[in-house]
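Please treat every number below as a calculation from the coordinates, not as lab data. Everything numeric here is computed off the predicted structure, so don't read it as measured data. Cβ atoms come from the backbone with ideal geometry, glycine included; neighbour counts cover every protein chain shown.
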Amino acid sequence: MTDADLAEMRTQAERLGFNLSESLLEEILETATAGDSEATETATPSAEGVGHRADDDENALLAVFDEPRVRTDSGPLAGTTLAVKDNIAVADLEMTCGSRAYSVVPSETAPSVDRLLEAGIGLVGKANMEPFAMGPTGEFSDFGHVTNPVDPDIVAGGSSSGSAAAVAAGTVDVALGTDTGGSVRIPAACCGIVGVKPSHRLVPRNGFVDFAPSLDTIGPLARDVPTATRAIAAMAGPDPRDPTSADRSLEFETLDDLDDADGLTVGIPETPFERSSDEVADAVRTVTDRLSTLGIETVPVELDLGDTEAAYLNIGAAEFSWLVSGNGVTRGQGTGYDEELRQAFAAAREDGLGEHVARRILPPAFLDMTSGGATYAAARAEGIEFMTRLKAAFDAVDALVMPTLRVRPPAVETVTTRADLIPVLGNTAPFNIAGTPAVTVPVTSLDGLPVSAQAVAPQFEDGLALRVAHALERVAD
């Protein structure tokens, strides 16, 4: 027991509102540190993995195997290839979270990846990303800007930028991304491919470095809905190492179920269209009007998004700031219980997480701290009100369809302020707060740039969201 330990214990006592004597603090500290050396004696993971650094044209990939890792030549994904966002663990490959401050070579593979390997996929390696999954454009990775294969003057989207670019370029067939406020769907929309944000907790998240545990999901990107469906079906289901994972699976028996859309009622919600640019809203409406040819009825439905965009930004920043203070662990929620990943997070925190992360996190984190949590509580209250309105909408319709992005994919170096983020994530982040599945599909184009629509269904009705997304795919330009 050191003076520094005692000072830290006193600070924590005061933070929690305890007025304790020095002798009692010493007694409590002695209890707290008993056996501490045994609990923390673990080897620091090596930063030298197998494989090599990729050199693809889009800078979409980071560490890759010399040859794709294949576990079985049979299964629903046999013959396809996979890249994994670099905040999801793959044994023996360096993981960086897109930041030079963070480096670890995990000894275990995340179950989301493990299950895809069991389904026959060939694992190529890791995909580039925004540092700690912060940023919707794909421009800020410490390992270089990710180029959009559709148009190099347009952002690839983020934060799963490398995952989307690798799929769109044909480098891999499937990529895993993570989606906290749109980080799978936004890059998928920018690159003109399919992106799936599953229901919160459908896919286990252990072996993943959290951003905001109450919002985080792991989902696939692919060039078509059937391939993405095979991936999400393989990944879904509980894992004991993620105590928040749900005892749910994808309800499809076969992929033929994807075509079963006749008789569905799809709502066209007012606010997401009204807040989108006229050209994007009109382009998506033109495609949704064609859903009737598949036996789907489309009806207008009221769904006020409220101020969920700002609520998302405050929730995400507050939860990440708590993760930082806990070296990647959030008590009761989250998946940061792997000691290798916790140590890597602690080392990154000591080295500094970088200017990009600071600019995203510090303003709302400061408000959270100075308000005593009032801003977080208000953001959560905003989210609860939105979920109530969303439930009312689903009482009237089976699913919803709306633009994924409110504007065309932005040009490089044009998203520079908090206000610039809203048109990019304003239609995606609300459904992270609600925990519902959302699938984005390219449906048309404007001057050669992709325009995507997003299918949303009630929580754990992921199969329904995929069926509506596939219907959009079938009537798309």
Amide proton proximity set for residue 86, modelled H, under 5 Å, gap of 5+ | 127
Neighbour-limited loop hits for trypsin sites (Lys or Arg not before Pro), region 254-336 (at most 12 other Cβ within 10 Å; DSSP other than H, G, I, E, B) = 331
What ³J(HN,Hα) values, in whole Hz, does the Karplus curve 6.51 cos²θ - 1.76 cosθ + 1.60 give for region 419-427 when θ = phi - 60°, with x put for Gly and Pro?
-> 5, 5, 5, 4, x, 7, 10, x, 9
Contour minus Cα-Cα span, residue 50 to residue 362, at 0.36 nm per residue, comes to 108.7 nm
Going by how many other beta carbons lie within 10 Å of each one, how would you line up 387, 95, fewest first?
-> 387, 95
What is the set of long-range amide H partners of residue 95 at a cut-off below 5 Å, with H atoms built 1.01 Å from backbone N?
-> 104, 105
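I need the peptides 295-308, 407-420 ranked by packing, meaning the mean over residues of other C-beta atoms within 10 angstrom, with the highest value on top.
On the way: 295-308: 16.9, 407-420: 14.5.
Ranking the peptides 295-308, 407-420 by packing returns 295-308, 407-420.
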In which sequence would 208, 386, 320 go, from the one with the fewest C-beta neighbours within 10 Å to the one with the most?
-> 386, 320, 208
HN-Hα J in Hz across region 129-146 - Karplus 6.51, -1.76, 1.60, θ = phi - 60°, x for Gly and Pro = 6, 5, x, 6, 6, 10, x, x, 10, x, 9, 10, 4, 5, 10, x, 4, 8
Angle in degrees between helix 3-15 and the longest Cα principal axis of the chain, rounded to the nearest 10 | 50 degrees
Apply the Karplus parameterisation 6.51 cos²θ - 1.76 cosθ + 1.60, with θ equal to phi minus 60°, to every residue of region 173-186 and state each ³J(HN,Hα) to the nearest whole Hz, in sequence, with x for glycine and proline.
-> 8, 9, 9, 9, x, 10, 10, 10, x, x, 6, 9, 6, 5
By counting other Cβ atoms within 10 Å of each Cβ, how are 433, 28, 186, 218 ranked from fewest to most?
-> 28, 433, 218, 186
A chain fully extended from residue 257 to residue 70 at 0.36 nm per residue, minus the present Cα-Cα distance, gains in nm 64.5 nm
Mind checking the angle between helix 308-325 and the chain's longest principal axis? C-alpha axes, 0 to 90 degrees, to the nearest 10.
-> 30 degrees
If eta is 1.306 mPa s and T is 10 °C, what Stokes-Einstein diffusion coefficient results for region 351-429, Kirkwood Rh from Cα pairs, in µm²/s?
-> 102 µm²/s
Considering only the chain, what is the antiparallel percent among its DSSP beta bridges, to the nearest 5?
-> 70 percent
Tell me, what is the percent relative contact order of the chain, built from C-alpha pairs under 8 Å that lie six or more residues apart?
-> 16 percent
Would you give the gap between the C-alpha center of region 310-376 and the C-alpha center of region 92-139, rounded to a whole Å?
-> 20 Å
Once you have a ≥ b ≥ c as the square roots of the Cα gyration tensor eigenvalues for region 52-475, tell me rounded if a/c is under 1.5, and otherwise prolate or oblate according to whether a/b is larger than b/c.
-> rounded
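State, as an integer percentage, the relative contact order of region 371-477 based on alpha-carbon contacts under 8 Å between residues 6 or more apart.
Relative contact order, region 371-477: 28 percent.
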Where does the chain land at 222 nm, in deg cm²/dmol rounded to the nearest 500, when only DSSP H runs of n ≥ 4 count, each adding -39500 (n - 2.57), divided by all residues?
-> -11500 deg cm²/dmol
Straight-distance crosslink candidates among lysines, where the alpha carbon sits under 17 Å from residue 197 and sequence neighbours closer than 8 are dropped = 85
